[in-house]
Amino acid sequence: MHIVTITKSTPDTAAPVEVDAAGNVTWGDAPVVVNPWDEYAIEEALRLREAHGGSVTVISVGPELDNDALKHGVAMGCDAPLRIWDDALDGADAFGLARAAAAAIAQMGDVALVITGKEAVDVNTDALHLGLARALGWPALTFVSRIVEIDPEARTITIERLIEEGRQVVASRLPAVLSVVKDINEPRYPSFKGVRIAARTEIPVRSLADLGLSGDEVGGAAARTRRTAIYNPPQEAAALELIAAGSAAEAASLLVDKLIAEGVV
């Protein structure tokens with residue numbers, strides 16, 4: 001069974017976030033780590049391989065910075081890494097990145113399952129796995145907290161979803177796209193042997209042309225969503241005014257008059 005998992009490098013969650021005058025989000029020179037949610041996806045892919053055989057490919061759609069996350073996946077035990085990048089992808093949104101990843105997965109031809117983390121901590125979006133499912137035409141199973149049963153021969157899977165009302169059991173055909181939550185497992189630490197293998201591993205890179213895509217289709221020019229200044233919103237100046245009154249009733253009356261005058265009520 002061939003399983004693909006998606007990863008990326010993100011700034012440490014303790015890194016200070018800044019927003020420049022143009023509204024661009026930046027972390028400066030903060031160190032990067034593998035997106036924490038991705039470790040649960042990688043771990044689950046490895047456990048399925050150990051139980052049913054096959055291989056695990058770890059993919060990233062991003063610049064050279066993402067090599068660190070890919071090597072982390074190899075150090076944990078993934079069989080093969082792949083990075084997709086093209087200058088035209090600069091500024092691409094989650095849906096564009098998903099289409100690029102889906103094109104690479106479709107070229108592999110034998111993928112039974114794609115597993116992603118719940119979200120990316122740098123932009124706090126969970127759209128990638130939905131975009132992947134849409135682009136591939138596969139079922140999307142979200143918020144997966146447990147894989148109850150999987151039958152590679154019958155190409156079926158039963159999972160348990162963590163939802164607000166409790167837990168939901170869902171069955172689906174394969175291939176499918178899963179996004180997992182941290183309840184699903186406890187990620188392993190990379191072994192010393194795995195770290196040595198990762199250090200020697202060359203990361204293959206595919207461009208949009210290699211995938212039969214163009215920047216006009218999936219690049220920054222086609223982005224439908226943008227990063228905005230959501231981390232450090234502009235601070236508004238506030239003025240404090242004390243109401244002097246002889247009684248609580250008088251103070252309340254004066255307060256209401258002021259709120260009406262300011263157009264608040």
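The values are calculated or read from the model by the stated rules, or taken from the named source; none is laboratory data. Only a predicted model underlies this, so the values are computations on that prediction, with no experimental measurement involved. Reconstructed Cβ throughout: ideal geometry from the backbone, glycine too, with neighbour counts over all protein chains shown.
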Legend entry - Boolean, Leu48 is touching a strand residue (DSSP E or B) at 6+ places or on another chain (Cβ under 7 Å), hydrophobic (A, V, I, L, M, F, W, C) and surrounded by fewer than 16 Cβ atoms within 10 Å (Cβ to Cβ): no
Legend entry - Members of the range 161-191 that are surrounded by 13 or more Cβ atoms within 10 Å (Cβ to Cβ), part of a strand (DSSP E or B) and hydrophobic (A, V, I, L, M, F, W, C): Leu162, Val170, Ala176, Val177, Leu178, Val180
Inset, instruction - State whether one or more residues within the range 200-208 are part of a loop (DSSP other than H, G, I, E, B), modelled with pLDDT under 85 and surrounded by fewer than 14 Cβ atoms within 10 Å (Cβ to Cβ). - result: no
Inset, instruction - Kindly indicate whether any position in the range 95-111 is touching a residue at least 40 places away in the same chain (Cβ under 8 Å), on the phi > 0 side of the Ramachandran plot and either crowded, with 22+ Cβ neighbours inside 10 Å or in contact with a strand residue (DSSP E or B) (Cβ under 9 Å, 6 or more places away or on another chain) (or both). - result: no
Inset, instruction - Look at the range 112-137 and say how many of its residues are surrounded by fewer than 21 Cβ atoms within 10 Å (Cβ to Cβ) and touching a Pro at 6+ places or on another chain (Cβ under 7 Å). - result: 3
Inset, instruction - Output the strands (runs of 3 or more DSSP E) that fall wholly within the range 1-88 and possess 2 or more residues being closer than 29 Å to Ala176 by Cβ and without any contact (Cβ under 8 Å) to a residue 60 or more places away in the chain, or say none. - result: 32-34, 55-61
Legend entry - Contacts under 7 angstrom Cβ, first residue in the range 164-179 being under 12 Å from Ile150 (Cβ atoms) and in contact (Cβ under 8 Å) with a residue 24 or more places away in the chain, partner surrounded by fewer than 17 Cβ atoms within 10 Å (Cβ to Cβ) and hydroxyl-bearing (Ser, Thr, Tyr), 6 or more apart: Arg173/Thr156; Leu174/Thr156
